[in-house]
Amino acid sequence: ADSEGNKVLDIINPINDLEWISNEIVAWVFTNVKQKWDSVVRRGRSKLLGLFSGYKQSQSFVEDIFTAVENFVRENDGRDSVFDRLESFDEGDLYRLVSAFVMARFPMGLALNKNDILSSAPFIEEITSKLPIHGCFVAQDLSADKEMRFIRHHILHQSIASTASNFEGSVWRCLQKAFSLRSPVLVFPVSEMQTYAPLPGLNNFATRDPSLPSKGFISCLESAGGTAPSNWDNNKDMYVIQGKNEIKPALRDVILMKPGSTVNDVFLTLKNMKVLEGEFVRAEAASKLGEKPKLVSKLDIVGNGNRILMIMTTKRQK
């Protein structure tokens, strides 16, 4: 009701909902970091990096946020290397950092599924003008009833190729895109960079892991023109490890890493799998067979340019 007690139609602006959710998440992270700020000032950038790394993402992701904020402060406030002088941070600086992190770590989108009713019309232009980060996509109208029937139909039938109109196909592709994940990074760990022989610690995974194809599965693969896994012995009908003097299969093993993972993340993954022991010493990498290996830092992000990776530790491999 208004100030005179007259009933007023309650119209909800989606921008206000988005702002409320964003502010709640920012306040949550801001409070968590602020409570430990004295420790951050004493221990420096690495402590601050560790606090932000607790929200299920890699340190390289957080470093990218730090760099973006540092560049912004340099260009707009004239202050350089702010993360080297954390004692100079005020609450505004911290709030800016947390806001940048939250918007990158928890991206949000609005689905205006009632944009064909009269009360929505005044908000459409405002919404499209206030979401400049990634823009927005305005689709054709779809009533709530049509929306639910469309989703129900395609979830049950798993396919839209034979029945969907071009419009429905666009909606379905939009939904698929919204739920899609970034492709993983493929990393090939090896024990040396000449023959690209596998790590001995991965032998159990290559011969005994329950996910390996069975004999029947392998027969199907070969009948279809494919080949058996590297360690499959057709004569023995089982997986075996090559003898000491036999040639080992090159690039036998591959591990999947999250985008943005570093060489150190690969090391920790292999260590958690009990494939490597000891502490990280150094690493060499290459992008393809025959390429001259190069030294890489443990902080380097893994990708196509360093996907073949040999990591040396303080404890010799058995």
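Here are 246, 222: which of them is surrounded by fewer than 17 Cβ atoms within 10 Å (Cβ to Cβ) and in a helix (DSSP H, G or I)?
Numbers: 246 fails: in a helix (DSSP H, G or I).
Every option except 222 fails the conditions.
Exactly one of (1) loosely packed, with under 15 Cβ neighbours inside 10 Å; (2) within 23 Å of residue 276 (Cα to Cα) is unmet by residue 207. Its number?
(1)
Residues to consider are 25, 15; find the one that is part of a helix (DSSP H, G or I) and over 30 Å from residue 258 (Cα atoms).
Result: 15 is the single residue among 25, 15 that is part of a helix (DSSP H, G or I) and over 30 Å from residue 258 (Cα atoms).
What's the number of the only condition in (1) buried (at least 17 other Cβ atoms within 10 Å of the Cβ); (2) out of contact with any Ser or Thr (no Cβ under 8 Å at 6 or more places or on another chain); (3) at pLDDT below 95 that residue 315 fails to meet?
(1)
So residue 278 clears everything in (1) assigned to a loop (DSSP other than H, G, I, E, B); (2) open to solvent by 30 Å² or more (accessible area, probe 1.4 Å) except one condition, right? Which one?
So residue 278 meets the others, but not (2).
Residue 34 - would you say it is touching a residue at least 60 places away in the same chain (Cβ under 8 Å) and among the basic types (Lys, Arg)?
yes
For residues that are over 20 Å from residue 305 (Cβ atoms) and either touching a Ser or Thr at 6+ places or on another chain (Cβ under 7 Å) or of a type in the set (Asp, Glu) (or both), tally how many sit in the stretch 183-197.
Residues flagged as over 20 Å from residue 305 (Cβ atoms) and either touching a Ser or Thr at 6+ places or on another chain (Cβ under 7 Å) or of a type in the set (Asp, Glu) (or both) within the stretch 183-197 amount to 1.
One residue is enough: does the stretch 185-202 have a residue meeting the conditions touching a residue at least 60 places away in the same chain (Cβ under 8 Å), acidic (Asp, Glu) and part of a loop (DSSP other than H, G, I, E, B)?
Yes - at least one qualifying residue is present in the stretch 185-202.
Find the residue count for the stretch 272-296, including only residues that are without any contact (Cβ under 8 Å) to a residue 60 or more places away in the chain and more than 21 Å from the chain's Cα centre (by Cα).
The total comes to 16.
May I ask you to verify whether residue 3 is open to solvent by 30 Å² or more (accessible area, probe 1.4 Å), of a type in the set (Gly, Ala, Ser) and modelled with pLDDT under 85?
yes
Filter the stretch 297-310 for residues that are modelled with pLDDT under 95 and among the hydrophobic types (A, V, I, L, M, F, W, C) and give the result.
299, 301, 302
Under 8 Å between Cβ atoms, at least 6 apart or on separate chains: pull out the pairs that start in the stretch 67-81 with a residue that is touching a residue at least 12 places away in the same chain (Cβ under 8 Å) and assigned to a helix (DSSP H, G or I) and end on any residue that is polar (S, T, N, Q) and exposed (fewer than 14 other Cβ atoms within 10 Å of the Cβ).
70/81
Which condition number in (1) open to solvent by less than 50 Å² (accessible area, probe 1.4 Å); (2) within 14 Å of residue 198 (Cα to Cα); (3) among the hydrophobic types (A, V, I, L, M, F, W, C); (4) in contact with a helix residue (DSSP H, G or I) (Cβ under 8 Å, 6 or more places away or on another chain) is the one that residue 241 fails?
The failed condition is (1).
In the stretch 111-123, which residue that is surrounded by 15 or more Cβ atoms within 10 Å (Cβ to Cβ) and in contact (Cβ under 8 Å) with a residue 40 or more places away in the chain is farthest from the chain's Cα centre (by Cα)?
123
Within the stretch 36-56, is even one residue in contact with a Leu (Cβ under 9 Å, 6 or more places away or on another chain), part of a loop (DSSP other than H, G, I, E, B) and on the phi > 0 side of the Ramachandran plot?
Yes, because at least one residue in the stretch 36-56 is in contact with a Leu (Cβ under 9 Å, 6 or more places away or on another chain), part of a loop (DSSP other than H, G, I, E, B) and on the phi > 0 side of the Ramachandran plot.
Please tell me if residue 21 is at pLDDT below 90, surrounded by fewer than 16 Cβ atoms within 10 Å (Cβ to Cβ), more than 25 Å from the chain's Cα centre (by Cα) and of a type in the set (Val, Ile, Thr). So that I can check it myself, show each step before the final result.
Numbers: at pLDDT below 90: yes; surrounded by fewer than 16 Cβ atoms within 10 Å (Cβ to Cβ): yes; more than 25 Å from the chain's Cα centre (by Cα): no; of a type in the set (Val, Ile, Thr): yes.
Taking the combined requirement at face value, the residue does not satisfy it.
The values are calculated or read from the model by the stated rules, or taken from the named source; none is laboratory data. No experiment lies behind these values; they were computed from the predicted model shown. Heads up, the Cβs are rebuilt from the backbone with ideal geometry, glycines too, and the neighbour counts pull from every protein chain shown. Heads up: the accessible areas ignore ligands, DNA and RNA and are worked out on the full protein's heavy atoms, side chains in. Shrake-Rupley method; radii C 1.70, N 1.55, O 1.52, S 1.80 Å.
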